Structures are given as structure tokens and as C-alpha cells.
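J.: Submitted below is the structure of interest, expressed as C-alpha cells.
The values are calculated or read from the model by the stated rules, or taken from the named source; none is laboratory data. Just so it is clear, the structure is predicted and the values come from calculations on it, not from any experiment. Neighbour counts run over all protein chains shown; Cβ positions are idealised from the backbone, glycine included. Just the protein is used for accessible areas: all its heavy atoms, side chains included, with ligands, DNA and RNA removed. Shrake-Rupley method; radii C 1.70, N 1.55, O 1.52, S 1.80 Å.
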Amino acid sequence: MTEGVEESHLVFDRVAEEYDAARPHYPEGLYVALQDLSGVRLAGARVVDVGAGTGISTRGMLDRGARVLAVDRAARMLSVLRARTSCGVLLSDGNELPFRDGVADLVTYAQSWHWLDPTLSVAEAVRVLRRGGAVAGWWNTVDAGRADWLAAYHVRLAESCDGYVGPALPGWSMPPIAEAMGDAGLDVAETWVGWTRTVLLDDFLTDLRSHSYVARLDTGEAGELVARERAELAKVFADGRLTVPMRVYLATGRTR
Ligand SMILES: C[S@@+](CC[C@H](N)C(=O)[O-])C[C@H]1O[C@@H](n2cnc3c(N)ncnc32)[C@H](O)[C@@H]1O
């Protein structure tokens, strides 16, 4: 799922409001699996959420009783987070965390690890974790194999956007965080959590605008793409309400 080398915080800052308004949240099953695989109970846990963005993952963990510190390099993404979220916030690089050793129970990367350095990031996470703590990375993704319209939609995106990443690319797979955690000497576990997203067409198109490969298009191109998809998707969902098969990939790495 590598999305290229352009400075991601600049790309995401352009679409911070769209991102927060329309990106899907994570299902309850993800938080259950996170606790089961990591061995860390969220209630009371000290969590460093790296690449916290506008706070979708941060709020998910706060709602379950965690004490979360949100870290991101994108100032505008964090200002959206601050407006909606009560927690510590730090504008910082996740490859170089400004914390002492051993202070966290959990370091999380929700939809973000692929933007960081694969080795430095995990080494930093391990450094700031207490013994018995864990690193976790997860990504929400569409389950295009379960719906022909969704597979066709992704083929159109792949044909229209140079920087497209997703299921329409041959050989596309989840970022290799499990391998990185294994290389760092962690005990690794992986799982998938399936769920179904119900979303209004307008929100689905706002979500589309928040993807880095659309955010990088110029305004005219992005507008044309969204108008085309509005027309295509309205042929499938005449009432303007989409049912989207989804799944979350989760990998955890426990310290020994
Ligand atoms: C796709 S967003 C994920 C936001 C949030 N975790 C969520 O679940 O929706 C990825 C975030 O990673 C951040 N990011 C990328 N590289 C980073 C780095 N080196 N250090 C900290 N944050 C980084 C980006 O600025 C962006 O806000």
C-alpha cells in the first residue's frame, strides 16, 4: 500500500476537513482484536497514536478508556483533531519520538505506518514501550472481491490517477508492518476484521477527495473525477445510500 514519496503531511493538510468528515471509522471488532492480539487493555492504557491525523483512531481508543497522546507531522490535520478531541497532541515526526524510553503501553499506527520509515519507526516504538507493551498497525480497506461495482470503481480510479494505490493494482497488498515488527524482535500476530459500511453517496465522494492520489490532482481534474463517479455510482445506488464491504487488516508486535 505504499503511496509514494511526496511529503504526506502536506498532502493530507490539503484535505484535512474532508478526511475527518468522510473517512470511515473502525469497527468495534477492530478494537476487540487489538486488545486480544496485543495483550494490552485499552482502559487506562498509555497509548502513543502515531500519524493520528484528525483523530479518528485517537477518539476510538479514548472512547474505550485509553490515555492517548496524538502525534502527527501535519499541522492542519492536528488542528482538526484538537477541535474535536480532548487529549495530548504533539506535532512531531513518528520516526523520532520525543519521549523517554519505556513510557507507553501501546504505540499505534492507524492507516499511517506506510508513510513512515519502516525500520526507524518500529525501533522508536520499541524504545518508548514498556516491557510487555505492544506496537500495532491497522488499515481499513475495501473488500472489492465481494462487490462487482466496487471492483469496477477501483479499476476506474486506477486508470484515472497516477498515484492510485489499492486493490486494482496487480500484486497490491497490505504494508509489510508484520515483517518490520518481526525484524525488530517482536512477537507478531495478524488478523482481518470484516465489516460493512453504509454511507451516503455525498460522503463517499468526500472520502474519495481525501485520498492522497486524488488530493494530488489539480482542482479541475479532481472535480471531473468526482462528477464522473457521482454519475457512475448513482447508477448502482439510485437512493444515494451505498453499502460497502470493508475489512481491516491488523498486525500487532508484542515486546518480550
Ligand atoms: C491516513 S492518515 C491516518 C490518520 C488517523 N490515524 C486515522 O486513523 O484516520 C496518515 C497520517 O500519518 C501522518 N504521517 C505521515 N508521516 C508521518 C510521520 N513521519 N510522523 C508522524 N505522522 C506522519 C500524516 O500526516 C497523516 O495525518
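J.: Along the positive direction of the dipole of the chain (beta-carbon charges: Lys, Arg +1; Asp, Glu -1; about the Cα centre), which of A151, G102, G51 reaches farthest?
T.: Result: G102, furthest along the dipole toward the positive end.
J.: Relative contact order, percent, of the chain when contacts are C-alpha pairs under 8 Å separated by at least 6 residues? Write down the numbers at each step before the final one.
T.: Details: 493 pairs, mean separation 64.5, N = 256.
The normalised contact order for the chain reaches 25 percent.
J.: Another question, then. Suppose we keep just the DSSP beta bridges with both residues in the chain; what percent of those would be antiparallel, to 5? Display every interim value, and only then the final one.
T.: Numbers: 23 of 41 bridges.
The antiparallel fraction comes to roughly 55 percent.
J.: Right, here's the next one. What length, rounded to one decimal in nm, is gained on full extension from T119 through to V236, with 0.36 nm per residue of separation minus their alpha-carbon distance? All intermediate terms of the calculation are to be shown ahead of the outcome.
T.: Details: separation 117, 0.36 × 117 = 42.12 nm, distance 4.32 nm.
Answer, rounded to one decimal: 37.8 nm.
J.: I've got another one for you. Springs between alpha-carbon atoms under 10 Å, Gaussian network over the chain: tell me which of Y109, Y153, Y164 tops the mean-square fluctuations.
T.: In the Gaussian network model the winner is Y153.
J.: With n ≥ 4 as the cut-off for DSSP H runs, can you work out [θ] at 222 nm for the chain, using -39500 (n - 2.57) per run divided by the number of residues, rounded to the nearest 500?
T.: Values: 11 runs with 104 residues, N = 256.
Helix-only estimate at 222 nm: -11500 deg cm²/dmol.
J.: Now, a different point. With a 1.4 Å probe and every protein chain kept in, tell me what percent of the accessible surface of the chain is carbon plus sulfur.
T.: Values: 5540 of 11160 Å².
Looking at the chain in its full context, I get 50 percent from C and S.
J.: Build a GNM of the chain with springs between Cα atoms under 10 Å: which of G223, G171, G194 gets the top mean-square fluctuation?
T.: G171
J.: Another question about this same structure. DSSP loop (so not H, G, I, E, B), at most 10 other Cβ within 10 Å: list which GluC sites (Glu not before Pro) in region 88-177 pass both filters.
T.: E96
J.: Report the Cα centroid-to-centroid distance between region 13-70 and region 98-172 in angstrom, as an integer.
T.: Cα centroid to Cα centroid, the span is 13 Å.
J.: Which of T119, T219, T85 moves the most in a Gaussian network model of the chain with Cα springs under 10 Å?
T.: Between T119, T219, T85, it is T219 that shows the largest mean-square fluctuation.
J.: What whole-number value in Å² describes the accessible area per residue of region 8-254 for a 1.4 Å probe?
T.: Numbers: 10450 Å² over 247 residues.
It amounts to 42 Å² per residue over region 8-254.
J.: For A234, what is the net charge nearby, where nearby means another residue's Cβ is under 15 Å from its Cβ and Lys, Arg count +1, Asp, Glu -1? Before the final figure, lay out the partial values.
T.: On the way: positive: R156, R228, R230, K235, R241; negative: D202, D203, E229, E232, D239.
After counting each charged neighbour, the total is 0.
J.: Under the rule a/c < 1.5 gives rounded, and otherwise a/b versus b/c splits prolate from oblate, where does the chain land using the Cα gyration tensor?
T.: Values: a/c = 1.78, a/b = 1.64, b/c = 1.09.
Verdict is prolate for the chain.
J.: Can you give the extra length, in nm with one decimal, that the chain gains between E159 and R82 once fully stretched, where that is 0.36 nm per residue apart less the Cα-Cα distance?
T.: 24.1 nm
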